[in-house]
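Presented below is the structure to which this report refers.
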Amino acid sequence: MIQIDLTGQVAVVTGGSSGIGLATAELFLRAGASVAICGRNAERLNAAQASLIAKFPQAQLLAARCDVLDADDVAAFAAQVSERFGRTDMLVNNAGQGRVSTFADTTDDAWREELELKYFSLIRPTRAFLPMLRDAEAPSIVCVNSLLALQPEPHMVATSSARAGTLSLVKSLASELAPQRIRVNSILIGIVESGQWRRRFAEQAAPGQSWEDWTAELARKKNIPLGRFGRPEEAAQALFYLATNLSSYTTGSHIDVSGGVARHV
Ligand code: NDP
């Protein structure tokens with residue numbers, strides 16, 4: 001495995017209290033970075049903080065309650081990071097969740113909520129952390145996006161549409177921020193085992209059906225060539241690559257982490 005030393009650098013991961021964000025925070029800590037995570041639910045945040053500190057007792061870790069859709073929360077989170085660490089080198093815009101709905105059952109309010117979540121979960125943290133990123137030596141922003149951006153699914157019509165829009169936003173940001181040396185990229189994920197799938201399992205699995213059986217059946221139904229869901233750490237590794245200097249000549253780009261589900265060439 002390639003070793004990379006991030007001692008002295010600061011990584012901010014929104015939605016770092018669960019799933020992909022938590023796995024990403026762990027990779028940054030393992031590489032020696034100081035890490036700030038945020039989420040809305042204090043209990044989840046405390047549990048994430050405790051699990052990270054148990055693995056990395058010396059960790060420089062800030063866990064802050066912040067809703068990325070709330071401008072004041074995000075400004076306060078950036079201020080806390082500035083006060084504690086004095087800098088931000090890498091921002092991972094990960095916070096969010098998907099919405100299962102067809103055109104027929106998506107109300108105007110649901111469309112607005114979904115578009116707000118997908119756009120402003122990128123816009124607000126990016127805006128708040130830009131001043132610190134501009135001062136970093138090799139700054140980067142990485143956004144968690146979905147393969148739905150390029151391959152929409154009718155049962156996730158609003159999420160797919162919003163994801164396509166934010167893929168475009170990442171491209172524009174990459175062009176606008178390149179002269180400031182800030183790289184901006186994203187990952188396109190398929191299905192990754194994490195909090196939101198555990199919640200769907202609890203709601204949808206047949207009585208007595210195990211998590212393994214439920215996910216294997218879904219992987220078959222969804223024709224995932226690699227035959228399984230992805231793991232949070234597999235998405236995290238792609239985020240880590242794009243956030244660090246391992247990808248120093250890559251911007252405005254994306255990595256597919258979908259187990260081969262993409263049908264386009
Ligand atoms: P999890 O539910 O495990 O984690 C989501 C994280 O985001 C939690 O820490 C959650 O904490 C936080 N979060 C959600 N909304 C907000 C908010 N408004 N402000 C701050 N934090 C928030 O899910 P995943 O790890 O699977 O999801 C990570 C990202 O990947 C999401 O953007 C999701 O949409 C995307 N994605 C995931 C896929 C998958 O198959 N897993 C597929 C495609 C995309 P809290 O709830 O306490 O705020």
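The values are calculated or read from the model by the stated rules, or taken from the named source; none is laboratory data. Since this is a predicted model, take the numbers as computed values, not measurements. We place every Cβ from the backbone using ideal geometry, glycine too, and count neighbours over all the protein chains shown. Please note that ligands, DNA and RNA were not included when accessible areas were found on the heavy atoms of the full protein model with its side chains. Shrake-Rupley method; radii C 1.70, N 1.55, O 1.52, S 1.80 Å.
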- [ ] Return the pairs, sorted by first residue and then second, in which the second residue is away from the ligand (no atom under 13 Å from the Cβ) and outside any strand (DSSP E or B), the first residue lies in segment 135-156 and is among the charged types (D, E, K, R), the beta carbons are less than 7 Å apart, and the residues are 6+ apart or on different chains.
- [x] D135/R87
TODO: Determine, yes or no, whether G32 is near the ligand (Cβ under 8 Å from one of its atoms), closer than 25 Å to A238 by Cβ and open to solvent by less than 60 Å² (accessible area, probe 1.4 Å).
DONE: no
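Kindly indicate whether A50 is within 12 Å of the ligand (Cβ to nearest atom), of a type outside the set (S, T, Y) and surrounded by fewer than 24 Cβ atoms within 10 Å (Cβ to Cβ).
No.
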Task: Of all residues making up segment 168-185, the number that are more than 12 Å from T126 (Cβ to Cβ) and surrounded by fewer than 18 Cβ atoms within 10 Å (Cβ to Cβ) - done: 7
Open item on the list: Just to be sure before I move on: is D67 modelled with pLDDT of 95 or more, among the acidic types (D, E), in contact with a Cys (Cβ under 9 Å, 6 or more places away or on another chain) and buried (at least 16 other Cβ atoms within 10 Å of the Cβ) in the structure I sent?
Closed with: yes
Task: Residues that are among the hydrophobic types (A, V, I, L, M, F, W, C) and either near the ligand (Cβ under 10 Å from one of its atoms) or part of a loop (DSSP other than H, G, I, E, B) (or both), drawn from segment 9-24 - done: V13, I20, L22, A23
Open item on the list: With the structure loaded, tell me whether L6 is open to solvent by less than 50 Å² (accessible area, probe 1.4 Å) and part of a loop (DSSP other than H, G, I, E, B) or whether it fails that test.
Closed with: yes
Task: Matching option when the condition is farther than 27 Å from I191 by Cβ, of a type in the set (G, A, S) and assigned to a helix (DSSP H, G or I), among A79, A110 - done: A79
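Can you tell me how many residues in segment 110-150 are open to solvent by less than 20 Å² (accessible area, probe 1.4 Å) and touching a helix residue (DSSP H, G or I) at 6+ places or on another chain (Cβ under 9 Å)?
Within segment 110-150, the first condition is being open to solvent by less than 20 Å² (accessible area, probe 1.4 Å), and the residues that meet it are 110, 114, 118, 121-122, 125-126, 129, 133, 136, 139-147, 149.
Restricting the remaining residues to those that are touching a helix residue (DSSP H, G or I) at 6+ places or on another chain (Cβ under 9 Å) gives 110, 114, 118, 121-122, 125-126, 129, 133, 139-147, 149.
Matching residues across segment 110-150 total 19.
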Task: All positions within segment 28-46 that are more than 12 Å from A59 (Cα to Cα) and not β-branched (V, I, T) - done: C38, G39, R40, N41, A42, E43, R44, L45, N46
Open item on the list: Quick test for you: out of L169, L91, pick the one residue that is closer than 21 Å to P232 by Cα, touching a Leu at 6+ places or on another chain (Cβ under 8 Å) and hydrophobic (A, V, I, L, M, F, W, C).
Closed with: L91
Open item on the list: Cβ contacts < 7 Å: first residue in the same structural domain as V170 (by TED's automatic domain parsing) and more than 6 Å from the ligand (Cβ to nearest atom), restricted to segment 89-101; second residue open to solvent by 20 Å² or more (accessible area, probe 1.4 Å) and of a type in the set (V, I, T), any location; separation 6+ or different chain. Result?
Closed with: S101/V157
TODO: Could you check how many residues of segment 225-260 are open to solvent by 50 Å² or more (accessible area, probe 1.4 Å), more than 17 Å from L91 (Cα to Cα) and more than 17 Å from the chain's Cα centre (by Cα)?
DONE: 4
